Amino acid sequence: MIMAVAISGAEQIDWEQGLVQRARRGDTHAFERLYREHVGRVYGLCLRLTRDPAHAEDCAQETFINAWRALERFETRSSISTWLHRIAVNVVLAKRRRFTPKTESLSDADEPAEFGWTLDTPVEVGEIETAIAGLPEGARDVLVLSGIYGYSHLETAAMLGVAEGTCKAQLHRARKLLRDRLNVEIG
Amino acid sequence: MGSNDSNQQHGTATSLRELARSVTPPRDLWPDIEARLAQERAAVGGARRFGSLRPSRGQWAAVAAAVASLAIGVWLGRSTLPTAVPVSAGNTATATVAQGEPAALQAAYVSDPRYLQQRATMIRSLEAQLKALPQQTQAQVGASLATIRKSMQDIQSALGRDPGNALLQELLVNTYQDEMRVLTAVHEASDAGEEI
């Protein structure tokens, strides 16, 4: 992340686009630079979605391999970070679908309004992470993408392949469960 | 998206947005990724030499037929072996040989670390590659690999009792070659069939 701190956002996008162009031409060193820059965020997402370090490693690795294969399809005006996250979510969901039966679904009926993720009292980070890891899959997925990584409902729903209303309902559920488990108000 | 990209693991937080988005993996994943990319580049190079990247129906059938014939070949090979003694708790030496990698082998091909590394990499990527194949071929590949691996275990068990048996050593090397042919066939067939 050193490079990201040392240069501005616009410069970083230019710099990354240059790396993408080089990687498209088969330059694995350029792709390694992209890997080094983004592996932490990709692994962090995979770890929170899978709750298993070894599984998260596999998913992160698969994410970069799939990204390499799909570099031609990446639109350089987009954020490579978001693009990699989309791929990572796809990898995690694909593996999950193969090993578990269909997960629970929520109707769109109880769609709540937008809400924040501020806790009324400071809570130990480890305690928050444990509470998040203990959430049901669907609720955890949307909370991680929306609550931690800051994606909009629309973006989160698109990544997970669910309706936006379902996404909001899952967030509502996640918020309620988190509040009960952490014993704090979330506003 | 905010800017909280630190590896914060301790302390307290008053918002989920304060949680670390970036988590460093316990090990560097790049060497494995690089090995897979090298495989892909080699496979693409090979495929380009032979034409289309996407396997045709005929190629699927060829892969399936090759896999099926390998399984039969391996099964016939197994039938010529001395009767394998089932691995039991009381047969520690045999069990060690049967469960481990080819520790008892004299054959340079199988014990070559480059070969073992390549094999491990291909086995790790097998699951993802199988997804690109039709269901029927997936089933055939799974059955063939199971047969091949059972053969490896049987041969290794037999070698545990008779480590100097040249015929067994040759059979084991052949079986590893059969496995590598199946892994390579799957890899080549699935290449360019992968969707994100």
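Values computed for the structure shown
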| read-out | value |
| --- | --- |
| Per-region count, region A:87-102, residues buried (at least 21 other Cβ atoms within 10 Å of the Cβ) and at the interface with chain B (Cβ under 8 Å from one of its Cβ atoms) | 1 |
| Any hit, region A:154-177, residues being over 30 Å from A:S78 (Cβ atoms) and basic (K, R) | yes |
| Tally, over region A:69-84, of residues that are within 14 Å of A:T156 (Cα to Cα) and either more than 10 Å from every other protein chain (Cβ to nearest Cβ) or free of Cβ contacts under 8 Å to residues at least 12 places away in the same chain (or both) | 1 |
| Filter result (farther than 21 Å from A:L47 by Cα and touching a strand residue (DSSP E or B) at 6+ places or on another chain (Cβ under 6 Å)) within region A:128-181 | A:R179 |
| Test: residue in region A:103-123 that is assigned to a helix (DSSP H, G or I) and either crowded, with 19+ Cβ neighbours inside 10 Å or at pLDDT 90 or above (or both) | no |
| Restricting region B:15-32 to residues that are more than 7 Å from chain A (Cβ to nearest Cβ) and not in a loop (DSSP other than H, G, I, E, B), the residue that is farthest from A:N66 (Cα to Cα) | B:E18 |
| Enumeration of residues in region A:55-68 that are surrounded by fewer than 20 Cβ atoms within 10 Å (Cβ to Cβ) and more than 9 Å from chain B (Cβ to nearest Cβ) | A:H55 |
| Qualifying residue in region B:135-147 (condition: in contact (Cβ under 8 Å) with a residue 24 or more places away in the chain and over 30 Å from A:N90 (Cα atoms)) | yes |
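The values are calculated or read from the model by the stated rules, or taken from the named source; none is laboratory data. A quick note: this is a predicted structure, and the numbers were derived from the prediction, not measured. Note: ideal-geometry Cβ built from the backbone for every residue, glycine included; neighbour counts use all protein chains shown.
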